[in-house]
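Written below as structure tokens is the structure these notes are about.
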Number of protein chains: 2
Amino acid sequence: MKALAVDLGGSHATCALVEDTQMLASRTVTADGTTRLKSLLPLLAETLKAIRAEGCNSNPAGVVFSFCGIVDCVRGRILSTNGKFDDAPNLDLVAWCQEELRLPLKMENDARLALLGERYAGAARGCDDVVMITLGTGIGGAAMSEGRLLRGKHSQAGCLGGHLPVDFEGRACSCGAIGCAEAEASSVSMPEVCRCHPGFSSSALATETPVTFEKLFHHLSQGDRVAQDVVDRCLRVWAATVVGLIHAYDPELVLVGGGIMKSATRILPFLQSYVQQHAWTPWGKVNVASAALGNSAALLGAIPLLEGLADP
Amino acid sequence: MKALAVDLGGSHATCALVEDTQMLASRTVTADGTTRLKSLLPLLAETLKAIRAEGCNSNPAGVVFSFCGIVDCVRGRILSTNGKFDDAPNLDLVAWCQEELRLPLKMENDARLALLGERYAGAARGCDDVVMITLGTGIGGAAMSEGRLLRGKHSQAGCLGGHLPVDFEGRACSCGAIGCAEAEASSVSMPEVCRCHPGFSSSALATETPVTFEKLFHHLSQGDRVAQDVVDRCLRVWAATVVGLIHAYDPELVLVGGGIMKSATRILPFLQSYVQQHAWTPWGKVNVASAALGNSAALLGAIPLLEGLADP
């Protein structure tokens with residue numbers, strides 16, 4: 001089966017033609033400062049048509065939109081956008097797709113699609129009980145239980161893994177809750193977390209604007225004590241989150257992805273050892289592993305989504 | 001439909017005959033110090049036979065065992081007992097039930113059965129997306145999503161709501177994790193939590209051995225500052241846990257039960273207001289309510305369990 005797939009981030013969109021577990025072609029277009037999805041649609045249609053023309057001899061079965069917000073996959077609507085493409089809930093993308101490409105459209109949250117992709121073509125092959133967590137600007141995730149994607153009544157189930165409170169006296173999170181992992185240990189919270197360290201002003205981090213995880217890991221490798229403290233604290237936050245996800249969803253595998261995992265060699269062994277020691281799994285040990293497909297994961301989730309492989 | 005039901009606690013067992021949403025008869029027997037389920041089985045068989053004889057004119061469809069541990073409902077085995085009736089995983093209760101009562105047996109975790117009971121006959125009627133949390137000696141719970149009980153690969157899903165870490169730098173929990181609600185704000189952890197309060201020795205609580213929630217709420221009402229601090233902290237722990245459960249499972253209703261809810265008037269309004277303020281639910285507001293059936297909930301879960309009303 002072939003499909004067209006669009007992974008819609010905040011500042012760019014990747015369009016691809018996929019066939020089964022392979023990516024046949026892809027192009028990334030930038031949103032060029034627009035925050036309205038409607039303004040971007042003509043460019044997306046043009047790009048998808050060009051990519052379809054490249055894969056000439058067969059027709060894709062449909063189009064899949066991967067979106068960084070809350071998506072009602074069943075009814076085909078974007079429900080909540082977290083500030084990105086705020087006009088998306090008002091667009092009838094199914095009709096747009098039919099008109100422009102004469103193809104059916106399915107859409108889903110990007111983390112759920114990434115999990116579907118990893119299960120279909122990546123690090124979760126053969127696994128029916130898997131949780132994914134992505135460490136990046138924010139902390140996202142998705143959960144599959146007994147072969148079914150958890151979606152829930154309002155399409156939020158499984159997606160808010162970065163928003164299980166791990167410090168009930170902690171920082172206010174942009175989601176409204178207190179002490180979420182995203183508020184304590186994501187890229188978006190790092191500048192503030194570092195500034196609050198009592199040793200910050202005498203640390204090499206004080207010269208970095210803003211403090212990124214890349215810079216944190218760099219200064220840690222140079223022996224900076226504050227960087228070490230902050231990274232150690234992030235590791236404990238992520239590890240507690242992973243234990244929470246294991247206790248919530250009962251998976252046999254936890255996949256960790258996202259941009260911060262560029263430093264996987266410093267992160268993964270800690271998470272594995274913490275989970276071995278602290279997760280309550282009398283049946284055995286949960287496998288904690290890196291996601292394998294990077295930015296392609298959500299695009300490669302297109303085929304299993306269209307085929308309904310993880311539907312109830 | 002009629003069923004026989006057994007709710008097996010640590011120190012006693014309640015046997016009942018239920019018909020649809022009604023309890024027709026019940027008797028509670030004590031475990032009399034035995035920690036072996038095998039020793040208790042003859043008394044259970046005798047009690048169930050007596051109760052069946054009382055409801056003379058019809059045959060129950062089966063027997064349901066509610067157990068305070070991890071239960072594989074599909075295969076009919078108790079998997080993990082947390083120190084209560086440690087011999088249970090080695091017993092073939094299905095065969096025992098067939099032999100003694102000529103009836104099929106189904107078993108399930110007590111919190112899952114309580115949720116089934118509340119949905120069938122109590123405070124969650126008509127609700128397909130509901131999470132239950134029980135505040136007591138430990139903190140337990142269960143989750144239903146889109147009309148299905150979450151069970152998961154190893155029968156742990158949804159049951160460990162008291163073990164989502166809410167303080168990643170907190171107390172070691174008996175489950176092995178760190179900073180679970182059960183370690184921070186359950187009856188079993190209260191004596192230790194109170195002792196750690198800097199004002200404990202000059203508080204009225206210092207004369208209580210052990211410190212129970214009943215005594216905590218009593219001294220709070222007498223103006224004891226330490227009791228106030230400890231209860232306030234427990235409320236924040238429970239509230240963060242409820243937010244975590246909402247973010248994990250996307251329910252429209254959270255039911256709160258358990259022995260500590262004898263003080264519901266002090267607990268429920270706080271939880272409701274905290275959830276209104278801090279849970280991330282762009283679709284609307286989650287209803288937070290008291291469980292309605294108390295100790296009968298798990299027994300009244302027998303019929304929906306036998307009918308498979310919440311199975312995939």
Failed criterion for A:Ile51 (all others in (1) surrounded by fewer than 16 Cβ atoms within 10 Å (Cβ to Cβ); (2) farther than 28 Å from A:Gly140 by Cα hold) = (1)
Considering every residue within the range A:140-159, establish whether at least one is under 23 Å from B:Arg151 (Cβ atoms) and not assigned by TED's automatic domain parsing to the domain that holds A:Lys262.
-> no
Quick one: would you say B:Thr212 is buried (at least 20 other Cβ atoms within 10 Å of the Cβ) and either among the polar types (S, T, N, Q) or not assigned by TED's automatic domain parsing to the domain that holds B:Ser186 (or both)?
-> no
Is it fair to say B:Asp32 is acidic (Asp, Glu), part of a loop (DSSP other than H, G, I, E, B) and closer than 30 Å to A:Asp250 by Cβ?
-> no
Pair list, Cβ under 8 Å, 6 or more apart: the range B:82-93 residue under 13 Å from B:Phe67 (Cα atoms) and outside the structural domain of B:Glu108 (by TED's automatic domain parsing), other residue in a loop (DSSP other than H, G, I, E, B) and not small (Gly, Ala, Ser) = none
Selection within the range A:246-268 - buried (at least 24 other Cβ atoms within 10 Å of the Cβ), over 28 Å from A:His219 (Cα atoms) and more than 8 Å from chain B (Cβ to nearest Cβ) | A:Ile246, A:Val254
Determine whether A:Ser66 is within 19 Å of the chain's Cα centre (by Cα), hydroxyl-bearing (Ser, Thr, Tyr) and within 14 Å of chain B (Cβ to nearest Cβ).
-> no
Among the residues of the range B:5-22, how many are under 19 Å from the mean Cα position of the chain (by Cα) and part of a strand (DSSP E or B)?
-> 9
Identify the residue in the range A:16-36 that is of a type in the set (Asp, Glu) and at positive phi and, among all such residues, is modelled with the lowest pLDDT.
-> A:Asp32
Could you tell me which of the residues B:Ala143, B:Ala124, B:Ala181 is touching a strand residue (DSSP E or B) at 6+ places or on another chain (Cβ under 6 Å) and under 25 Å from A:Asp128 (Cβ atoms)?
-> B:Ala143
Could you tell me which residue of the range A:63-85 is modelled with the highest pLDDT, considering only residues that are part of a strand (DSSP E or B) and of a type in the set (S, T, N, Q)?
-> A:Ser66
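Each row is one residue, and each column tells you yes or no for (1) away from chain A (no Cβ under 14 Å); (2) not β-branched (Val, Ile, Thr).
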| position | (1), (2) |
| --- | --- |
| B:Ala45 | yes, yes |
| B:Lys49 | yes, yes |
| B:Ser58 | yes, yes |
| B:Ile70 | no, no |
| B:Leu79 | no, yes |
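B:Leu135 - would you say it is touching a Leu at 6+ places or on another chain (Cβ under 9 Å) and in contact (Cβ under 8 Å) with a residue 40 or more places away in the chain?
no
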Please find, within the range A:177-189, the residue that is farthest from the other protein chains (Cβ to nearest Cβ) out of those that are under 24 Å from A:Ser11 (Cα atoms) and surrounded by fewer than 24 Cβ atoms within 10 Å (Cβ to Cβ).
-> A:Ser187
With respect to the numbered conditions (1) among the aliphatic types (A, V, I, L, M); (2) surrounded by fewer than 15 Cβ atoms within 10 Å (Cβ to Cβ); (3) within 20 Å of A:Arg151 (Cα to Cα), which one is the sole condition not fulfilled by A:Met1?
-> (3)
For the range A:87-117, name all the residues that are among the hydrophobic types (A, V, I, L, M, F, W, C) and more than 21 Å from A:Leu17 (Cβ to Cβ).
-> A:Ala88, A:Leu91, A:Ala95, A:Ala111, A:Leu115
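Kindly indicate which of A:Ser39, A:Ser58 is modelled with pLDDT of 90 or more, surrounded by fewer than 18 Cβ atoms within 10 Å (Cβ to Cβ) and among the hydroxyl-bearing types (Ser, Thr, Tyr).
A:Ser39
Please determine whether any residue of the range A:209-221 is part of a strand (DSSP E or B) and either under 21 Å from the mean Cα position of the chain (by Cα) or in contact (Cβ under 8 Å) with a residue 12 or more places away in the chain (or both).
No; the residues of the range A:209-221 include none that is part of a strand (DSSP E or B) and either under 21 Å from the mean Cα position of the chain (by Cα) or in contact (Cβ under 8 Å) with a residue 12 or more places away in the chain (or both).
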Hey, can you tell me all the residues within the range A:140-167 that are farther than 23 Å from B:Gly162 by Cβ, more than 8 Å from chain B (Cβ to nearest Cβ) and surrounded by 24 or more Cβ atoms within 10 Å (Cβ to Cβ)?
-> A:Gly140, A:Ala142, A:Met144, A:Leu149
Do you know which residues across the range B:234-287 are in contact (Cβ under 8 Å) with a residue 40 or more places away in the chain and hydroxyl-bearing (Ser, Thr, Tyr)?
-> B:Thr241, B:Tyr249, B:Ser263
Among the residues of the range A:271-312, how many are surrounded by 15 or more Cβ atoms within 10 Å (Cβ to Cβ), part of a helix (DSSP H, G or I) and polar (S, T, N, Q)?
-> 2
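The values are calculated or read from the model by the stated rules, or taken from the named source; none is laboratory data. What you see is a predicted model, and the numbers here were worked out from it, not measured in a lab. Every residue, glycine among them, receives a Cβ derived from its backbone with ideal geometry; neighbour counts consider all protein chains shown.
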